[in-house]
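Enquirer: This is the structure I have questions about; it appears just below.
Just so it is clear, none of the values below were taken in a lab; they were calculated from the coordinates. The shown structure was predicted, so the numbers you read here are calculated from the model rather than taken from an experiment.
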Amino acid sequence: MDKLKKVLSGQDTEDRSGLSEVVEASSLSWGTRIKGFIACFAIGILCSLLGTLLLWVPRKGLYLFAVFYTLGNIASIGSTIFLMGPMKQLKRMFEPTRLIATVLVLLCFTLTLCSAFWWHNKGLALIFCILQSLALTWYSLSFIPFARDAVKKCFTVCLA
């Protein structure tokens with residue numbers, strides 16, 4: 001427990017990697033960064049929920065859903081910037097292990113908005129929102145060691 005407190009407070013001098021680098025990467029205090037992360041993540045969830053509720057508005061509902069759902073997901077991803085800083089976040093997003101997932105997430109964000117505003121195709125917008133969720137889940141699993149392998153194995157066993 002003492003080791004955890006030292007690492008979280010930035011006093012650990014033995015290991016200069018991992019969390020201690022994150023703590024030193026920003027001028028914000030650890031508490032401020034946690035609050036920023038929680039606030040941004042909550043805004044993202046709120047936007048996604050609001051988008052889901054706006055789905056049922058006549059005529060413009062799907063467009064509002066696509067916009068708010070996409071903005072909510074962008075805010076949720078952006079919330080991690082508070083934890084590790086913008087440059088480290090971008091570097092980690094485009095590491096070889098999660099490059100494909102990142103490109104799929106960004107592509108789904110773009111295609112969702114394009115299908116809603118330029119192509120005016122509600123069916124495509126809805127499909128891209130679903131793909132957006134799946135791509136974002138796959139991207140998020142890339143940060144958990146062996147999570148993707150476990151999901152692949154689970155689906156292999158279930159589908160076999």
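Enquirer: In the P(r) worked out for the range 20-95, what percent of Cα pairs fall beyond 17 Å?
Expert: Across the range 20-95, Cα pairs with separations above 17 Å total 52 percent.
Enquirer: Given the convex hull over the Cα atoms of the range 50-160, what projected area results after averaging over all orientations, in nm²?
Expert: Numbers: hull surface 33.4 nm².
Computed as one quarter of the Cα hull surface, the answer is 8.4 nm².
Enquirer: So what are the ³J(HN,Hα) numbers for the range 44-59, from phi and the Karplus equation (6.51, -1.76, 1.60; θ = phi - 60°), rounded to whole Hz, Gly and Pro as x?
Expert: Coupling constants for the range 44-59: x, 5, 4, 4, 5, 5, 4, x, 5, 5, 6, 4, 8, 6, x, 6 Hz.
Enquirer: Let me ask another. Amide H to amide H, which residues 5 or more places from LEU55 or on other chains are under 5 Å from it, using H placed in the peptide plane?
Expert: Distant-sequence amide H within range of LEU55: zero hits.
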